[in-house]
Each structure stands twice: as C-alpha cells, then as structure tokens.
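Novice: Provided herewith is a single structure, encoded as structure tokens, for subsequent inquiry.
The values are calculated or read from the model by the stated rules, or taken from the named source; none is laboratory data. Everything numeric here is computed off the predicted structure, so don't read it as measured data. Methodologically, a virtual Cβ is constructed for each residue, glycine included, from the backbone with ideal geometry; neighbour enumeration extends over all protein chains shown. Note: accessible area is taken over every heavy atom of the protein model, side chains too, but ligands, DNA and RNA are not part of it. Shrake-Rupley method; radii C 1.70, N 1.55, O 1.52, S 1.80 Å.
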There are 2 protein chains.
Amino acid sequence: MDSTARTVNVGLIGLGTVGGGVARLIERHRDEYLKAYGIDLRLKKASALEPGRAAELGIAPENFTTDWHDVVADPDIDIVIELIGGDHPATEIFEAALTSGKHMVSANKALLGRHVERLAKLAAEHGVQIRCEASAGGGIPIVNALEHALVGNEILTVAGILNGTTNYILTRMASEGLDFAEVLADAQRLGYAEADPTADVDGFDAASKVAILSSIAFHTRVTTDDVFQEGIRNVSAADIAQAKSLGYVVKLLGIARNTADGVDVRVHPTMIPADHMLASVSGAMNAVYVVGDAVGETMFYGAGAGSFPTASAVVGDVLALADAISHNDKVQAEIEPYQRVLPLRPIDELETRYYVRLLVKDEVGTLAPVVDAFAAHGISISQINQLQDGDGSRCSVVFLTHTARERDMAAARAALEALDAVESVASVIRIEDVASWADGAEKND
Amino acid sequence: MDSTARTVNVGLIGLGTVGGGVARLIERHRDEYLKAYGIDLRLKKASALEPGRAAELGIAPENFTTDWHDVVADPDIDIVIELIGGDHPATEIFEAALTSGKHMVSANKALLGRHVERLAKLAAEHGVQIRCEASAGGGIPIVNALEHALVGNEILTVAGILNGTTNYILTRMASEGLDFAEVLADAQRLGYAEADPTADVDGFDAASKVAILSSIAFHTRVTTDDVFQEGIRNVSAADIAQAKSLGYVVKLLGIARNTADGVDVRVHPTMIPADHMLASVSGAMNAVYVVGDAVGETMFYGAGAGSFPTASAVVGDVLALADAISHNDKVQAEIEPYQRVLPLRPIDELETRYYVRLLVKDEVGTLAPVVDAFAAHGISISQINQLQDGDGSRCSVVFLTHTARERDMAAARAALEALDAVESVASVIRIEDVASWADGAEKND
C-alpha cells in the first residue's frame, strides 16, 4: 500500500513438490504482490541437490546453488524457507538461519513436532520468527486462525482429519467396501500413498501435526512423542460397514483437548456421528475442527497436501513477514515461548465408548464368558450384534460399550484374548463423544 | 511476550447482544491476554443508551457513558469498537474516531457493505485501521484468512451460507417438509428470526456480507447495491423435496466469482449437490467456501451470529491492533484502498442451469406450448418431472434446463406466464455449477 515498494529477498531450500510450487507461485504472482501489497518478493537464492531443478523451474543459474549454506550465508536474504523435511540438515539450516537473524518459514512437521520449543527459543533470542502454517493442514490457514483470529478465545478442542492418505484410504474402503490392504496397494499405484506408507497409515504424520496445533492452541508444549498414536491398519471393511449401520463413520482423527485433568492428545481411528461436519470430509481432503470458549464450534477445510496448496501456506507466511519487514516493524517471535507447560493426561485415563469386534467360536455358550470378561473390568455393554460373516466355525460379534476407561478396556481386551471362546479381538475402535468437545464453551445466544 | 506488559485502552460503543459479549469476554480473559500476549486490555469507556446495561455487565460507573462522543473524545483510547449497527450515528462515530487517530473495530455490515471505500480512505489518511472480521460470518475467521493467510493466492470464488436465519429456515423446511411461512413463524417465536425478517429472508444481510468479502478477496470495490439479491420467500417444501430427489439441496448462497467477464456477485436460493461440503451446513450455522488459484478449495465453518461468537471476532481484531500498538509498530491501513476497480458482470449475463416449477392445467396438450416457449428463447430442457400434487384441475411440472443465460430465462419466464396452459411460474431456482468455482485453479499434485 506504500507508494514506494520495498524488495524483500527470500531464500528457498528444497525444490521438491512443495518447493517447486513455492518457486512457481512467487514467480507467477510477483507483479500482483507488488501491486496489491507494495512488496517486491524476490527469490534471491534457491538450493536443491539436483542441479536440473533450477532450469525446470525457470530459476536463473546465478540464483541457484546445490549447497544450502550459500542460501543461509547470503546477507541480502531476510527470510529462509526450508522445504527439505526430515531432521538433517533441516536442524542445521534452522540453527544457522536463526542465529544469523533470518526469519524461517517451514513445512517440516516432523522437526517442528519434536523440536519447536528449542527452535522457538533460538528464534526469540535472535529477534526473528519461525512460521509454520504449512506444517499442519497443508493449505488450510489453521495456524493463522489459532495464532491470530481466535486469540480472544480459550481453545478447548482441536480435532482434525490431518492426513490425506489415510482419509483417502478410509473413504474408498467405505464407498467400495474394500479392505485396507487392497486400497493401500491401489493408493500407492495412484500416487496417493508412499511406497513406505508407515508415517501416514500408522499415524505419525497426524501426530506431528496435532502436536504442533495443540502447542499453539493451548499455549503449551506438546511434542510428537507425547501423542498417543494408533494407525488404520486394523480397520476392516466389516468395521466400516458396521459403523455405517450404527450411524457412524470411521475417520483417523488427531484429537487434542484441554481438560481439567490435563491435555488429552491422541491420534487413532475414531467413530464419529455420520452427520458431524468432519464426517463429510472425503478423499484426500483435510479438515480441522476447533472449539473456542467464545467462538464455539468452527471448522477449517481444504487440501492438506500437494504442491500448490502447501505453497499457498508458505507464501502466506512469507508475505506476512515481508509486510512487516517492508514497514520496518519489529517482527516478534511468533510461536509461543512456552511460558506454561500444562500436564498431559495419559491415554490410560481416557474415558470413551468403544466399538469392539471379536472373532468368536460359533457355538452355544460363547457369549457368557465374553460378557463376564467385560463386566469383570467394570465395562458395561450397550449393544451386541452378531454379524453374518461366519463360516460355520466362527463369526464376528460386535459389542458397543458404555463410557469406560482406557486402562479397563486394555485389561478387558487381554482377558478376552485369553478366553477359549474368543479367537481374536479383531478390532477396538473408540467412539468419540463429539458433543463433549464443546464442554466449557459459552452458550451461543 | 514482552516482559513489560503495555496497557491498551479500548472504547466500546453499543452494549447489546454483541457489545455485551465483548465486554464479558474482555473481562473474563483479561488475565490470560496479559499472560499470553503481554497485553493489558482495558475497557476504558463503554457507552449505551440504557444506563442499566453498565451494572448488568459489571462495568464501573466511571467507565460508562450514555453519550458515544465521550468514548471517541477520550484521549487515552487507542481503539474504538462500534457495535450499534445501522447508518447513524455509526457513520459519525467512524468519522470522529478515525479523524482523531483511533483504530476502529466494527461488525456493522450494513454500513461497511455500502461505505467501506470512503471510510477506508479516511482511515488511511489518518494512519489507522478499520478491522471488520465480525462483519461477515460472525465468529468465522474469514476476513483474516482472506487478508493474511491466503494472500499468496489469486482468489477465484467466495461462496457461502452467510445468513443463519435463512439457513435455519431452509434446514427445517427440508427436514420437516414444512413450507416457508410456517417455519418463519416458528423461528420468530424461538428467536431465530426477527419480528421484521426482511433483512434476512430477502437476502440483504447476505448481500452486505458478500460485498465486504468480495471487496477484500478480489482487491476491488463491491458494494451491497452491486449485489443481485433474491431471498427465500418463494422456495416451497415441494421445491426442496424435488431438489432432494434430484440429488440437490437448496441453500441461500452469497456467491462472488472473479471471472474474465467481470465480477459476478449475487445472493439467491441455489441448488447445490447434496454431497458438497456446503450442503452439510445445517441449522443457524454459516460457512464460507473460498477457492484460491494455489490453495484450491477451502471452507470455513462456524457460528455466523450470536453474542460470544461475534465477540470472538471483535476481540481477535482488537488484540491484533493491541499487539501492534504495544510493540509500537506502525499499524497499516488494513482494508484495501481500492487501487483497482474491476468491472461487474450484470446478472443478465449469468449462465447457469435452472430448476423451474410451473403450475399448469392438468389436461392433454399442456406440455407442447411450454416446451416451445423454452425453445423459443434458446433454452433446452434436460429433464421434465410431473409431480403428484395435482387436484384434478392443475398440477406442478418441474423442468431442469441445460446451461442458459439469465436474460433468456427471464424472457422465457415472461412468455411462460403469458401461456393459457400455465397458471403460474411457481419457482425458478438456479442450479450452481460448483465445479466451475475452481476454474483457473492450479492442479493439485
């Protein structure tokens, strides 16, 4: 908006899917950023291991290097964008850039999910910011909402579909009645899942994101290792079909709640009512449900991954910094310096309802010891359905429990597995009480 | 985050539903704002016409006045919050506050929808900001997303359920099969609709909001008077039931698209596919769908009205200003000073598909002149359903058209109304091509 535009020089480390999107987006919209915001955003130096990427992306040879040190060492660069992911050399890049007074923009959820506190302190010491909109929810502007628009609230709950690969798999399992392994193989063939799908399907990716989001939302420190993690490998087509007939859908949710007993933070397959907004989120899309004490229930929906959506989040962060830099504002450290550390509530203390599917021997008298085993651990049953999937010798029986404690459920599970009548505990899926997400919110009137 | 907190004094004009929520929210969270952000937010002076409100809200007598001039004249006040709505004295409050160098936070969509350009210029002249998160979408942080997190994008489409009253009415019409008048009466009884429901049900409220959002999204000037406006009075239970059987739901949408032919901006009942995310938004909730060229499709969901949700948006704006003030940053004028004015595309130029329900005489040969009338105006029909609602002498027939131009549809409608066979054109509802909202977006890969 100034009549005199100011140049802001940006360094970009990593020119893969997201880095390439960032380079393309800045190039494409440079004139518009200049006209609308008075900011002349220049990609002063970009680095990648493969020299060929520069030409592919139209980056001039003098602005390209294969050595990231050249980017961080450039005295003209105000903002360093790190998009290589992983721990090393990303850690070294953060340290070098922050200590030389450069702001950092990053999508590195694995690194930030574990080490953001240390890095944020380093940033604060050097009077610079770390911005990480792209690290959780891809293009969805959820970090910005938590840090800015919703700061008037005490945030009660953050719960989201934070991983596109698993949501894609669960959506196809539900619509086509296929089992996990089949859909995974197809997803890998189509490029929706990695050759090594562990980080996605076992919940690590979602755990990193919920750690970052809950740290910001609750002004505390939650690391990826604090997050209870359970993936979707054990969810079967039978479970999804049963869920549907009971009025639920199965989603892999990252859930973080700020409860009186501590921060409850976990990633696991979850049954939620079919008419909940999160239940409508299909395919590779992501969505984050946020409940604040004043704003009540909100949801943010969009692409959680991909070249341009993630680039949108990165460039949003870059422009916010560039705007402040171009006005000579003192840019404050953005991520909370963790002035408080809230206790974590262990997963054992979770109280929820459960869906339990047992493979049992198909004979008279099977049910009695099973029901006894639940009762012996203080778990009461609200519904029992025998499925028509038997082969004459065994069949599935589904139990829905009333609210029970996780540690009791774990003990009951062990007891069930030891019964002669039970071949296996095929699946245990938590049924989330979504209404409780708004516990503590003001009444909207 | 500073060790030394700075006091920021706020003046509040209007202590109704939203103003009361703001006073309560600031009071409730003052300690938290101090601890988390180093900002000591003080409600230095509040005004309302009814002196009794001060005591009800726990505002000390010395901080209360019945004359808004006292608030604006207080030299200690940095930020004035205007929550009285309407044109006067809201206009005078804006002018007095801005010219005396105070920032303004407002939820006044009627005023901002028409006069934001002039007021934004006045703000820019005096180096202060107008912030209006609460003016569109209540608590949903959509203005912040458009102004900050998504600024890396060219925004292609903003389309939303921007009025809770009409969404509540349409949701109940759909779930209970009731007609408009019945549900409206009940909504008025329950407090979901005003005694004079015109601003809501005739689309004016949504038009103001889509004017504000499209101005921000497209960096141009759209006023409420530029928005084509059609309310929900003519939508019947029969139309909603038909829509459902065709795979659609009927929503009152505010739609703004930045097309090659100009800005297309309108509010009207709209049929959208039942599996679209906006179709899941029920009751009094609001949601805004935003498509950016990089981020692709996003949606923001939450309470569009109410005391605390709207207060959340107001306080978010206040804290953003307070943060800048407390760091002595030069706070820039926030709303675009309209450096460009994009042409508007007249509603006549709209091309869309239509749902048309005719009341016709129930006799042989009725259909031929009707089909001829459509054809004479270049409109081709994709489907015809005769409904089972006849009384022997007349019945409804529903026509779905292929893509047609609004002006041709208007001419066809006049021709249909003139036919002997046609008793009335009972309803014409536009079927939105939601896929086209992403025209021009990058492919997500």
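Novice: Kirkwood hydrodynamic radius, segment B:131-185, all distinct C-alpha pairs: what's the number in Å? It would help to have the intermediate numbers written out before the result.
Specialist: Details: mean 1/r = 0.0739 Å⁻¹.
Computed over segment B:131-185, the radius equals 13.5 Å.
Novice: Debye calculation, C-alpha points only, no solvent: report log10 I(q)/I(0) for segment B:220-307 at q = 0.11 Å⁻¹, in the same order as the q values.
Specialist: Each listed q maps to, in turn, -0.38.
Novice: Calculate how large, on average over all directions, the projected area of the Cα convex hull of segment A:237-276 is; give the answer in nm² to one decimal. Mind dumping the intermediate values first?
Specialist: On the way: hull surface 13.5 nm².
The Cα convex hull of segment A:237-276, projected and averaged over all directions, gives 3.4 nm².
Novice: Turning to a different aspect of this structure: Please report, to one decimal in angstroms, the Kirkwood hydrodynamic radius of segment B:142-303 built from all distinct Cα-Cα pairs. It would help to have the intermediate numbers written out before the result.
Specialist: Values: mean 1/r = 0.0627 Å⁻¹.
This gives a value of 15.9 Å.
Novice: Which value does Rg/Rh take for the protein assembly as shown over its C-alpha atoms, Rh per Kirkwood? Provide the component values of the computation, followed by the final result.
Specialist: On the way: Rg = 28.5 Å, Rh = 29.0 Å.
When Rh is taken as the Kirkwood radius, the ratio is 0.98.
Novice: Keeping every protein chain present and rolling a 1.4 Å probe, give me the accessible area per residue for segment B:350-432 in Å². Write out the running numbers ahead of the final one.
Specialist: Details: 3780 Å² over 83 residues.
Counting only protein heavy atoms, the per-residue value for segment B:350-432 is 46 Å².
Novice: Ok, one more. Quick query: amide H of A:L156 versus all other amide H atoms, modeled in the peptide plane; which residues come in under 5 Å with a sequence gap of 5 or more or a different chain?
Specialist: Counting only residues 5 or more places away or on other chains, the set is A:V291, A:G292, A:D293.
Novice: Please calculate how many Å² of accessible area segment A:142-303 carries per residue, with a 1.4 Å probe and no DNA, RNA or ligand atoms counted. Could the numbers behind the result be given before it?
Specialist: Details: 4600 Å² over 162 residues.
In whole numbers, segment A:142-303 has 28 Å² accessible per residue.
Novice: Let me ask something else about it. List, shortest first and in nm to one decimal, how far the label point of A:V371 (7 Å from Cα along Cα→Cβ) is from its counterparts in the other copies.
Specialist: Those label-point separations list as 6.4 nm.
Novice: Quick one: Debye curve from the alpha-carbon atoms of segment A:20-71 only, equal weights, vacuum; give me log10 I(q)/I(0) at q = 0.17 Å⁻¹ to two decimals.
Specialist: The Debye formula, applied to the Cα set alone, gives -0.53.
Novice: Once the Cα gyration tensor of segment A:1-142 is diagonalised, what are the square roots of 5 times its eigenvalues, in whole Å and ordered largest first, as equivalent ellipsoid semi-axes?
Specialist: For segment A:1-142, the semi-axes come out at 22, 19, 15 Å.
Novice: Now, a different point. Using θ = phi - 60° and the Karplus relation 6.51 cos²θ - 1.76 cosθ + 1.60, list the HN-Hα couplings for segment B:270-280 in order, rounded to whole Hz, with x at every Gly or Pro.
Specialist: 9, 8, 10, x, 4, 9, 6, 4, 5, 5, 7
Novice: While we're looking at this one, here's another question. Please list, ordered by chain and number, the residues whose modelled amide H lies under 5 Å from the amide H of A:Y248; skip anything fewer than 5 residues away on the same chain.
Specialist: A:A274
Novice: Tell me, what does the Kirkwood hydrodynamic radius of chain B come to in angstroms if you use every pair of distinct C-alpha atoms?
Specialist: On the way: mean 1/r = 0.0427 Å⁻¹.
So the Kirkwood estimate lands at 23.4 Å.
Novice: Further question on the same structure: Of the heavy-atom accessible surface of the protein assembly as shown (probe 1.4 angstrom), what whole percent is carbon and sulfur? Write out the running numbers ahead of the final one.
Specialist: Numbers: 15720 of 32560 Å².
Roughly 48 percent, rounded to a whole number.
Novice: If B:F204, B:F399 are ordered by their accessible area, calculated over protein heavy atoms with a 1.4 Å probe, which sequence runs from highest to lowest? Intermediate values should be presented prior to the final figure.
Specialist: Values: B:F204 55, B:F399 0 Å².
So the residues, ranked largest to smallest area, are B:F204, B:F399.
Novice: Enumerate the lysines that A:K121 could reach by cross-link, defined here as Cα to Cα under 16 Å, with residues fewer than 8 away along the same chain left out.
Specialist: Of all the lysines, those that pass the test against A:K121 - Cα under 16 Å, at least 8 places apart if same chain - are A:K102.
Novice: What is the sum of charges around B:V398, taking Lys and Arg as +1, Asp and Glu as -1, for the other residues whose C-beta is under 11 Å from the C-beta of B:V398? All intermediate terms of the calculation are to be shown ahead of the outcome.
Specialist: Working: positive: B:R357; negative: B:D239, B:D389.
Result for the local shell: -1.
Novice: Right, here's the next one. Along Cα-to-Cβ, 7 Å out, sits the label point; list in nm, shortest first, how far the one on A:D196 is from those in the other copies.
Specialist: Its label point is 6.8 nm from the equivalent points in the other copies.
Novice: Another one. Under a straight-distance cross-link criterion of Cα-Cα below 17 Å, which lysines are reachable from A:K109, leaving out those fewer than 8 residues away in the same chain?
Specialist: Those lysines meeting the cut-off are A:K209.
Novice: Moving on. Per residue of segment B:38-53, in order, report the coupling 6.51 cos²θ - 1.76 cosθ + 1.60 (Karplus, θ = phi - 60°) as ³J(HN,Hα) in whole Hz, putting x for Gly and Pro.
Specialist: So the J values, rounded to whole Hz, are x, 10, 9, 7, 10, 7, 6, 8, 10, 10, 7, 6, 8, x, x, 5.
Novice: Assume the label is 7 Å from Cα along Cα to beta carbon: what separations in nm does B:A181 have to the matching positions in the other copies?
Specialist: For B:A181, the inter-copy label distances come out at 6.4 nm.
Novice: Output wanted: per-residue J couplings in Hz (rounded whole) for segment A:71-77, from phi through Karplus 6.51 cos²θ - 1.76 cosθ + 1.60, θ = phi - 60°, x for Gly and Pro.
Specialist: 5, 5, 7, 5, x, 7, 7
Novice: Follow-up. Sequence-distant or interchain residues sharing an amide H contact under 5 Å with B:R353, placed H: which?
Specialist: Under 5 Å from the amide H of B:R353 lie the amide H atoms of B:A404, B:I431, B:D433, each far enough along the sequence or on another chain.
Novice: How big is D for segment A:146-239, in µm² s⁻¹ as a whole number, if Stokes-Einstein is applied with the Kirkwood radius of its Cα pairs at 10 °C and 1.306 mPa s? Display every interim value, and only then the final one.
Specialist: Values: Rh = 14.7 Å.
It diffuses with D of about 108 µm²/s by this estimate.
Novice: In segment A:430-445, which residues give up 30 Å² or more of accessible area once the other protein chains are added, compared with their chain alone (1.4 Å probe)?
Specialist: SASA drop of 30 Å² or more in segment A:430-445: A:E442, A:N444, A:D445.
Novice: Quick one: give the max-minus-min coordinate of the C-alpha atoms of segment B:350-432 along each principal axis, largest first, in Å.
Specialist: 37, 22, 17
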